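One structure below.
The values are calculated or read from the model by the stated rules, or taken from the named source; none is laboratory data. Here the structure is a predicted model, which is why all the values come from computation and not from measurement. With ideal geometry, Cβ positions are generated from the backbone for all residues, glycine too; neighbour counts draw on all protein chains shown.
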Amino acid sequence: MDHFDITDPLPSGTVLLEASAGTGKTWTIAALVARFVAEGEADLRDMLVVTFSRAASQELRARVREQLVLVERCLRERTCPAGDALVAHLLAADEGRLTQMHRRVRAALTDFDAATIATVHQFCHEVLRSLGVAGTTDASATLAEDLDDLLVEVVDDIYLRGFRNDRQAVFTRAEALDIAGRTAVDDIHADLRPQAAEPGTVPARRVRFARAVRTEFDLRKRRLQVMHYNDLLTQLADALEDPDSLARDRMRQRWQVVLVDEFQDTDPVQWQVLDRAFTGHCRAMVLIGDPKQAIYGFRGGDIATYLTAAEAAGVRRTLPRNYRSDPGVVRALDTLLQGAQLGDPQIVVRPVEAARDDRRLKGAPSDAPVRLRQVLLEEHLRGSDRIGATREHIYPDLARDVAGLLGSDATFDGRPLQASDVAVLAHKGSDLVRAQEALRDLGVHAVSAGGMSVLQTRAAHEWLTLLEAMVAPHRSVLTRAAALTDLLGHDPVAVDEGGEDLDDVLAQTVRDLAAVYAVRAWPRSWSGSSPRG
């Protein structure tokens, strides 16, 4: 596959850029926006930049603006940062063209709020609202992110209606919620199969139940005048179905250049919207993604959609350089994984080269940039082949390895290595918790950034302990428990030997905190004995 370079001729038609982690997907999008604007190929208002989460769209908006600010300054001062291929390419123009480019970029910054940099759902909502009476959307409907309560109500009603005359239901209520809520409704584009099951059989009744839930759920949403984000996609796809539809005309008039980030997470209806509106009708549609990072199958994201779009693209390129990792890491992983097919012959780990030429981690106990640790049956597990024994070995081994690294003279990027420089990745949140506990046992503080609820963290439990003591300061068992939290930070031995005098002090402390809370909510700092948190 050919490489993409920001100095190549600007894209036209449908272009697919396959980009591995760290190869600069977001930078490429921002740089393309700057080039289209600076070279006069498109105004910022004519460009649609789409990604698939609110956080990503906010980051993308910031990165696009930063790129435009940089280009504006460089064009004004006629200077180029070292290694900036985009700016060097723009500055190669003659003086008259440089003046024109600077004027265009400055105008784009002045009008930056008019740029359409949004999630797919935000973009769909904007289009549907612009159609007015010509669209299919109820203008009075409220857009809701969470309709779980309504879904549970629908599932319960249909479940009772369907099995009220049966002595034993063919599937449980929990299974009913899974069939309808987690599949038929959450992924509204999924086909319900088998479509030709024998009437009365369990498969046939499951499909019938799922269809009934879909129908009733849509009916109640209309009655309540509420709409889910998935409805935006479906309604816009329907509005675009007719080749002569007003929606197609409006979208093509509005946007001439379309840039789609994280395209690997596109579901069939999202691609249907983009394909119907723009394929063959816009100046350029650039799809940037990495099929190896497709993680939203549970939301309907379908890697088959990526492959279908790839076949429709007139040009396919790849971003060849990793800007994130050290060269030794890039080379080692390239040796380990290059050519591997991940679920489909078209989804291949392609070679990349490191943009960096320096090594940031130095003085570590091992010089190897990538290591694989092997668990040996006899040496480590004493002959036990149970998965539990393997896990009991892995977490302490991981903790010892990290502690050894932190206890060495290792430096990172010229400064002493810190615990915050180390990241531990795991398949499940429970694995992260076990790793965190093993690290803390060795005195290495670790913060978990997994998907667990904040209410399940140690900090949340300590806050709850303090709150309970504030509600009942007369109960010494509660005030002593609060004293042992990091929020108050008393020594366990001192609490054990403190007697009634300490109980009086602790009771007064939590009363004072309760009084402060009643007036000022949570104070910025705590006064009290030996605070450690």
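Structure notes:
- Any hit, region 191-206, residues being assigned to a helix (DSSP H, G or I), among the charged types (D, E, K, R) and in contact (Cβ under 8 Å) with a residue 40 or more places away in the chain: yes
- Looking only at region 456-501, and only at residues there that are in contact (Cβ under 8 Å) with a residue 40 or more places away in the chain and among the charged types (D, E, K, R), the one that is farthest from His445 (Cα to Cα): Glu462
- Taking the listed residues Val15, Val64, the one that is out of contact with any His (no Cβ under 9 Å at 6 or more places or on another chain) and not in a helix (DSSP H, G or I) is Val15, with no other qualifying.
Residues checked against (1) in a helix (DSSP H, G or I); (2) crowded, with 16+ Cβ neighbours inside 10 Å:
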position: Val50; (1), (2): no, yes
position: Thr79; (1), (2): no, no
position: Ala82; (1), (2): no, no
position: His89; (1), (2): yes, yes
position: Leu98; (1), (2): yes, yes
position: Met101; (1), (2): yes, yes
position: Asp113; (1), (2): yes, no
position: Leu131; (1), (2): yes, yes
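- Scanning region 341-362 for residues that are under 26 Å from the mean Cα position of the chain (by Cα) and not in a loop (DSSP other than H, G, I, E, B) returns Gln341, Val348, Glu353, Ala354.
- Among the residues of region 149-169, those identified as modelled with pLDDT of 85 or more and either loosely packed, with under 13 Cβ neighbours inside 10 Å or in a loop (DSSP other than H, G, I, E, B) (or both) are Asp149, Leu160, Arg161.
- Residues that are surrounded by 20 or more Cβ atoms within 10 Å (Cβ to Cβ), at pLDDT 90 or above and acidic (Asp, Glu), drawn from region 270-306: Asp290
- Test for Ala340: is it outside the structural domain of Val49 (by TED's automatic domain parsing), crowded, with 16+ Cβ neighbours inside 10 Å and either touching a Lys or Arg at 6+ places or on another chain (Cβ under 8 Å) or within 23 Å of His427 (Cβ to Cβ) (or both): no
- Odd one out for Leu502, checked against (1) surrounded by 17 or more Cβ atoms within 10 Å (Cβ to Cβ); (2) in a helix (DSSP H, G or I); (3) under 36 Å from the mean Cα position of the chain (by Cα); (4) of a type outside the set (Asp, Glu): (3)
- Some residue of region 249-268 being modelled with pLDDT of 90 or more, among the acidic types (Asp, Glu) and under 30 Å from Ala180 (Cα atoms): no
- Residue within region 363-381 that is of a type in the set (A, V, I, L, M, F, W, C), in a helix (DSSP H, G or I) and either at pLDDT below 90 or assigned by TED's automatic domain parsing to the domain that holds Gly407 (or both) present: yes
The rows are residues; the columns are (1) modelled with pLDDT under 95; (2) within 25 Å of the chain's Cα centre (by Cα).
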position	(1), (2)
Val15	no, yes
Gly22	yes, yes
Thr26	yes, yes
Ala30	no, yes
Arg35	no, no
Gly40	no, no
Ser53	yes, yes
Ser57	yes, yes
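- Condition check for Ala108: in contact (Cβ under 8 Å) with a residue 12 or more places away in the chain, within 20 Å of Ala355 (Cβ to Cβ) and in the same structural domain as Ile29 (by TED's automatic domain parsing): no
- Looking across region 465-499, the residues that are loosely packed, with under 13 Cβ neighbours inside 10 Å and in a helix (DSSP H, G or I) come down to Val471, Val477, Pro492, Val493, Ala494, Asp496, Glu497, Gly499.
- Index of the failed condition, Gly443 passing every other in (1) over 30 Å from Ala304 (Cβ atoms); (2) assigned to a loop (DSSP other than H, G, I, E, B); (3) free of Cβ contacts under 8 Å to residues at least 12 places away in the same chain: (3)
- Members of region 5-48 that are over 25 Å from Ala92 (Cβ atoms), surrounded by fewer than 16 Cβ atoms within 10 Å (Cβ to Cβ) and not basic (Lys, Arg): Gly13, Ala21
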